[in-house]
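Enquirer: What follows is a single structure, and I will ask about it in a moment.
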Amino acid sequence: MAKIHDRVDANSDGATTPARSLDFIRTIVTEDLRTNKWGGRVQTRFPPEPNGYLHIGHAKSICLNFGIAKQFGGMCNLRFDDTNPTAEEEEYVQSIQHDVKWLGWDWEDRLYFASDYFEQMYQWAVELIKKEKAYVCDLRADETSQHRGTLTKQGNDSPYRNRTAAENLDLFERMRKGEFSDGAKTLRAKIDMAHANMNMRDPVMYRILHATHHNTGDKWCIYPMYDWAHGLEDSIEGITHSICTLEFEDHRPLYDWFIDAINEGRGPGSPQGEKVHHPQQIEFARLELTYTVMSKRKLLELVKGKYVNGWDDPRLPTISGLRRRGVPPEAIREFCDRIGVAKFNSTIDVQLLEHCIRDYLNKTAMRVMAVLRPLKVIIDNYPGGQVEELDAINNPEDASMGTRKVPFSQVLYIERDDFREDPPKQFFRLAPGREVRLRYGYFITCKSVVKDPKTGEVTELHCTYDPATRGGDSPDGRKVKATLHWVSASHAVQVEVRLYDHLFSKENPNETPDGGDWKSNLNPNSLDSLIPAYIEPSVASAAPGSRYQFERVGYFCVDLDSTIGKLVFNRIVTLKDTWAKIEKKQG
RNA sequence: UGGCCUGUGGUGCAAUUGGCAGCACGUCUGACUCUGGAUCAGAAGGUUCCAGGUUCGAUUCCUGGCAGGCCAGCCA
């Protein structure tokens, strides 16, 4: 038996990447295929509850489920696990579908809702009652909790545990009809109140909720609990591998118990019918990332508390936030591929995500020159009214992206950071008396510095250029240590640039001085808006969503807030900055 | 005096099922360069949680510890 060493990646280029060993889930799938456990089928599902926006942690699960299906010739369903009408909304149903699609996955015609299975689930519940495996309990929520016991003390049986099947059938039917108020009764599985696994202490299967459901409206007033519903949903859809996160590990015995309970008495020739499909639940560790939070509750708090500007705030790890920031879906998929799948609770360094983003954008993003913090440069010996159109390469990694023209004239802007009146060691850029190259332009030498007499701030530089260096090459072969980006002052387009940094200033935002709130770790400088910044005219009519590399600065994306004549750019990620590192070390 | 799961360089994952512990990100050197980008070459970094045991040989198997995660919703 040959172990599978090659796998096909979901990369857009369709290339087969070299062997990466199989993670433990793919190992299980491979083995199941080998033993023909499921008749050659691989059927997975992504089962979100529509009660919030998806985040990059969900992307891990999405890529896992859809990725495995794709890799092994199976299928993956999108299924909304909508069993709690009090938390769920249509808005989330829409956003989730949008996000999964945007990430590049396709559920084809397999869009399902748990709520579409409610009638079947009800019928199975009736069967369990008949088998005396479920009963209607009149205990209130707090009483149920009292009876449950604790982690170290066993629970006590409900006084309603021994009702007859006939009585339970009647009561359950009346629960459905709406004869009882919210919380008055539940349907519970009759398992073992002394079980060491709390989940097995007669878990609630149905609760009464007189609430309008986004999908079924007012048809139901009893709703199935997760444990009862989830395995049945999987069973109905013929799921082979039901992949979920670690916290469901000790729900697995219950997952199995419910399906086994339905199957008891079923089989070939049985009046009850054939056995129902019994999928295998497999649990993996959810994704955590440094410098951010991933819990739905905390994300919701940040949005509702206006700590950020909505679910798609580019600082959020939500899919919509990443999308708005400009992160390409291909980079997210690559990231999910690289982080692996295991059962250990770990936190991935956000730098890996950033690496994946740079890696993709380096190959695909058009290069452009933009000056974020402008400093005026006047080329004293350049003819006043002259304008030259200089050739610039759109992407040195991809010649097919061609070239463009960039206007050059006497008055330019360069980056403030690219000039130092008193340059420190290893600072290669412009300084008084020093010569540097303007990218695709000319060599220039700084001749004098003009300052604001009051503040001492440098307001403009006077330079000279060497006409022989047009295009950036020196015929005499002399070298310069730096190449600066620039824009022509009279041609540049004024834009807004939003610089984003980590949302939190601590690697682990949950780490607080005792009693402290996690929100005290919010980074006060996570958003810096630069107005005006100047960009070369070639991008004047760029459409929202377009991504560029601003040479020597970083990758940027045209924001949704942009209007005609007023472009807004989001910084997706910086370029690696060696000088910043040196400077930091120098203090 | 509960149950289940997990411990491998800084971080995240591997190790052909018992054979000299590898890869990626990060870090540090150097080369090259019209982006201090990209690329290339190289380096540092491990008591594989600990202690016993089995074995010629243990990250892998056994026993016992220790540490961390999850579980007491009519949430998922």
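Quick note: the coordinates plus some simple rules give every number you see, no bench work behind them. Predicted model only: the values in this text are computed from it and were never measured. Quick reminder, even Gly has a Cβ in these numbers, built from the backbone with ideal geometry, and neighbours come from all protein chains shown.
Enquirer: Enumerate the amide H contacts of A:ILE243 below 5 Å, restricted to partners 5 or more residues apart or on another chain; note that Pro and chain-start residues carry no placed amide H.
Expert: A:ARG45, A:ILE282
Enquirer: Compute the separation of the alpha-carbon centres of region A:78-141 and region A:208-241 and state it in Å as a whole number.
Expert: 3 Å
Enquirer: Continuing with this model, one more query. Longer than 32 Å from Cα to Cα, which of A:LYS60/A:LYS576; A:LYS519/A:LYS576; A:LYS425/A:LYS447; A:LYS37/A:LYS153; A:LYS376/A:LYS566 are they? Say none if no pair is.
Expert: A:LYS37/A:LYS153
Enquirer: On C-alpha positions alone, give me the angle between the axis of helix A:252-263 and the longest principal axis of chain A, in degrees, nearest 10.
Expert: Long axis of A:252-263 versus the principal axis of chain A: about 40 degrees.
Enquirer: Taking each pair of distinct Cα atoms in region A:370-491 once, what is the resulting Kirkwood hydrodynamic radius in Å?
Expert: Mean inverse Cα-Cα distance, inverted, gives 15.0 Å.
Enquirer: Still on this structure, please answer the following. Which loop-located trypsin sites (Lys or Arg not before Pro) does region A:487-587 contain, where loop means any DSSP state but H, G, I, E or B and the Cβ has at most 10 other Cβ atoms within 10 Å?
Expert: Details: sites: A:ARG498, A:LYS506, A:LYS519, A:ARG547, A:ARG552, A:LYS566, A:ARG571, A:LYS576, A:LYS581, A:LYS584, A:LYS585; in loops: A:LYS506, A:ARG552, A:LYS576.
Taking region A:487-587 and a limit of 10 other Cβ atoms within 10 Å, no loop trypsin sites (Lys or Arg not before Pro) are found.
Enquirer: Something else: Roughly what angle does helix A:118-130 make with the longest principal axis of chain A, taking Cα atoms, 0 to 90 degrees, to the nearest 10?
Expert: 40 degrees
Enquirer: Another question, then. What share of all Cα pairs of region A:31-179, in percent, falls into each consecutive 5 Å distance bin?
Expert: 2, 8, 12, 13, 12, 12, 12, 13, 11, 5, 0
Enquirer: Same structure again: Pulled fully out, how much extra length does the chain show between A:PHE428 and A:THR86, if you take 0.36 nm times their separation in residues and subtract their Cα-Cα distance?
Expert: That works out to 117.0 nm of additional length.
Enquirer: Right, here's the next one. Enumerate the amide H contacts of A:LEU530 below 5 Å, restricted to partners 5 or more residues apart or on another chain; note that Pro and chain-start residues carry no placed amide H.
Expert: Long-range HN contacts for A:LEU530: A:VAL497, A:ARG498, A:LEU499.
Enquirer: Consider all pairwise Cα distances in region A:442-536 and report the whole-number % of them above 16 Å.
Expert: Roughly 75 percent, once rounded to a whole number.
Enquirer: Same structure again: Provide the FRET efficiency to the nearest 0.05 for the A:ARG416-A:GLU507 pair, computing r from the beta carbons and using R0 = 25 Å.
Expert: 0.25
Enquirer: Taking the 0 to 90 degree range and rounding to the nearest ten, how far is the long axis of helix A:329-339 tilted relative to the main principal axis of chain A, both from C-alpha atoms?
Expert: Helix A:329-339 and the main axis of chain A meet at about 70 degrees.
Enquirer: If I take every Cα pair under 8 Å that is 6 or more residues apart in region A:246-301, average their sequence separation and divide by the length, what percent do I get for the relative contact order?
Expert: Relative contact order for region A:246-301 comes out at 31 percent.
Enquirer: Let me ask something else. With a cap of 13 neighbouring Cβ atoms within 10 Å, and only residues DSSP puts in a loop, list the GluC sites (Glu not before Pro) found in region A:472-526.
Expert: When the GluC sites (Glu not before Pro) of region A:472-526 are filtered for loop state and at most 13 Cβ neighbours within 10 Å, A:GLU511 remain.
Enquirer: Further question on the same structure: Pairing rule first: another cysteine's C-beta must sit under 4.7 Å. Under that rule, which cysteines of chain A stay single?
Expert: A:CYS76, A:CYS137, A:CYS221, A:CYS244, A:CYS356, A:CYS446, A:CYS463, A:CYS557
Enquirer: Take every Cα-Cα pair in region A:94-140 and report what % of them are more than 15 Å apart.
Expert: That tail contains 65 percent of the Cα-Cα pairs.
Enquirer: Expressed in nm to one decimal, what extension gain is obtained for the pair A:ASP142 and A:ARG161 from 0.36 nm per residue of sequence separation less their Cα-Cα distance?
Expert: That works out to 5.2 nm of additional length.
Enquirer: To the nearest 0.05, how large is the calculated FRET efficiency for A:THR464 and A:LYS405 if R₀ is 22 Å and r is the Cβ-Cβ distance?
Expert: Efficiency, rounded to the nearest 0.05: 0.35.
Enquirer: Please report the relative contact order for region A:370-491, taking Cα pairs under 8 Å with a sequence separation of at least 6, and give it as a percent rounded to a whole number.
Expert: It comes to 31 percent, rounded to a whole number.
Enquirer: Among A:96-103, A:386-393, how do they line up from the highest to the lowest mean number of other beta-carbon atoms within 10 Å?
Expert: Peptide ranking by packing, descending: A:96-103, A:386-393.
Enquirer: Also, quick follow-up: Using alpha-carbon positions, what is the distance between the centroids of region A:346-378 and region A:532-562, in Å?
Expert: Centre-to-centre distance over Cα atoms comes out at 12 Å.
Enquirer: Plugging the Kirkwood radius over Cα pairs into Stokes-Einstein for region A:8-284, at a temperature of 37 °C and a viscosity of 0.692 mPa s, what D comes out in µm²/s? Could the numbers behind the result be given before it?
Expert: Values: Rh = 20.2 Å.
Here the translational diffusion coefficient equals 163 µm²/s.
Enquirer: Tell me which trypsin sites (Lys or Arg not before Pro) from region A:299-376 have a DSSP coil assignment and no more than 15 other beta carbons within 10 Å of their own.
Expert: Taking region A:299-376 and a limit of 15 other Cβ atoms within 10 Å, the loop trypsin sites (Lys or Arg not before Pro) found are A:LYS306, A:LYS343.
Enquirer: Packing-wise, with mean Cβ within 10 Å as the measure, how do A:183-191, A:269-277 rank, highest first?
Expert: So the order, starting with the most tightly packed, is A:183-191, A:269-277.
Enquirer: In nm, give the distance between the simple-model label positions of A:LYS363 and A:VAL387, each being 7 Å from the Cα along the Cα-to-Cβ direction.
Expert: Result for the modelled spin labels: 3.8 nm.
Enquirer: What nm value, rounded to one decimal, do you get for the distance between A:ALA543 and A:GLU301 when each label is placed 7 Å out toward the C-beta?
Expert: The two pseudo-label positions are separated by 4.1 nm.
Enquirer: Calculate, for A:GLU173 and A:GLU31, the FRET efficiency according to 1/(1 + (r/R0)^6) with r their C-beta to C-beta distance and R0 51 Å; round to the nearest 0.05.
Expert: Given R0 = 51 Å and the Cβ-Cβ separation, E is 0.70.
Enquirer: Distance from the Cα centre of region A:439-453 to that of region A:304-345, in angstrom?
Expert: Cα centroid of region A:439-453 versus Cα centroid of region A:304-345: 41 Å apart.
Enquirer: Per the Kirkwood treatment, what hydrodynamic radius in Å, one decimal, follows for region A:166-311 from the mean inverse distance over all distinct Cα pairs?
Expert: For region A:166-311, the Kirkwood estimate is 18.3 Å.
Enquirer: Let me ask something else about it. If contacts are Cα pairs under 8 angstrom and at least 6 residues apart, what is the relative contact order of chain A in percent?
Expert: Relative contact order for chain A comes out at 11 percent.
Enquirer: With N denoting the number of residues in chain A, provide Rg(C-alpha) divided by 2.2 N^0.38 Å, to two decimal places.
Expert: The value comes to 1.25.
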